[in-house]
Amino acid sequence: MKLFDSIYKRKSCRKYKMEALSKQKLEEINDIIKTFDFILPNHSIKHRFETEIKGKFLVEAPHYLIISGKGEPNELENIGFLYEQLILWFSENNIGSVWLGSAKGLESNSEDIIGIAFGYSPEEIYRNEKEFKRKKIEEITNDIDNPCIKAVHYAPSGMNLQPWYFEKQGNKILVYKQKLKLPISKLYKLTDLDMGIALLHYKLACTHFDKTFSFVRKTDDKSKKGYELFGEITES
Ligand SMILES: Cc1cc2nc3c(=O)[nH]c(=O)nc-3n(C[C@H](O)[C@H](O)[C@H](O)COP(=O)(O)O)c2cc1C
């Protein structure tokens, strides 16, 4: 199985066996992360393994990865893009996982951004395509037969908001980010991270279908009601 195949079967796992993964497996995880791609230049992202964390909406798991940064440009979308590769790798390796949006290390660290719980699960960690709860594809694109957008359609997002719209315009795809409304916009600040996750799914599909993928970040507040421009994909 490849990361691309995991897109269509992965689901968030919220029930774990509390047995620890072997030291060897944890080292393998640390090594595999080093092989993953960034979407835009950024060198401030770090992670560490923890067994106890704090935050809201947590799940009990034997292991957590806490990801931190320095608030540099492109940090959130890079975290989404980079660590979604790990989420899919976990799935490929029969390890359950879930993003945890408010997780922080026990010793309060303002640089902590997000966590991922992971471990083996006593439950099924896969689902079939019909079981994904997602918006209608027409709500996230005008290019509904594009297989790369189908891969985005199944991407996870905080609170399952799926805050993206992919608009085909000629040979480009304009990528939009939804402007969240109150009260959610007060509570949820990780939309850029969600965008990174969606772009990773798009990119994996391009690779799978032998297309090249290039992404540039662009911003503009006016072009689409309820959304702001996030960037532009060129594929060939
Ligand atoms: C950035 C982000 C933050 C998330 N935070 C939490 C969380 O705090 N607690 C939780 O149980 N699930 C969390 N999730 C998981 C989402 O709720 C889940 O991905 C979404 O509902 C779609 O379900 P699926 O992953 O099973 O496809 C988060 C997901 C993302 C991408």
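Show me the ranking of peptides 162-169, 186-193, 62-69 by mean Cβ neighbours inside 10 Å, starting with the highest. Numbers along the way, then the final one.
On the way: 162-169: 19.2, 186-193: 17.4, 62-69: 21.0.
Ranked from most to least packed, the peptides come out as 62-69, 162-169, 186-193.
With bins 5 Å wide beginning at 0, the percent of Cα pairs of the chain falling in each bin runs 1, 6, 14, 19, 21, 17, 12, 7, 3, 1, 0. A Förster distance of 25 Å, applied to the separation of the beta-carbon atoms of LEU182 and LYS56, puts the FRET efficiency at 0.85.
The sum of -39500 (n - 2.57) across all DSSP H runs of n ≥ 4, divided by the residue count of the chain, sets its helix-only mean residue ellipticity at 222 nm to -8000 deg cm²/dmol.
Which of MET159, MET195 has the fewest other C-beta atoms within 10 Å, and how do the rest follow up to the most?
MET159, MET195
Look at where the Cα atoms of segment 90-105 and of segment 107-147 average out, and the two centres are 10 Å apart. In degrees between 0 and 90, to the nearest 10, how far off the longest principal axis of the chain does helix 75-92 point, with axes built from Cα atoms? Between the helix axis and the principal axis of the chain, the angle is about 60 degrees.
DSSP finds beta bridges in the chain, and of those with both partners inside it, around 95 percent are antiparallel. Take the residue pairs LYS23/LYS133; LYS186/LYS211; LYS34/LYS224; LYS34/LYS181; LYS70/LYS168; LYS46/LYS177 and return only those whose Cα atoms are more than 32 Å apart. Those over the limit are LYS23/LYS133; LYS186/LYS211; LYS34/LYS224; LYS34/LYS181; LYS70/LYS168. Projecting label points 7 angstrom from Cα along Cα→Cβ for LYS2 and GLU139 puts them 3.1 nm apart.
None of the figures in this text is laboratory data; all of them are computed from the coordinates on show. What you are looking at is a predicted structure, and each value in this text was computed from that prediction instead of being measured. So basically every Cβ, Gly included, is an ideal-geometry build from the backbone, and we count neighbours across all protein chains shown.
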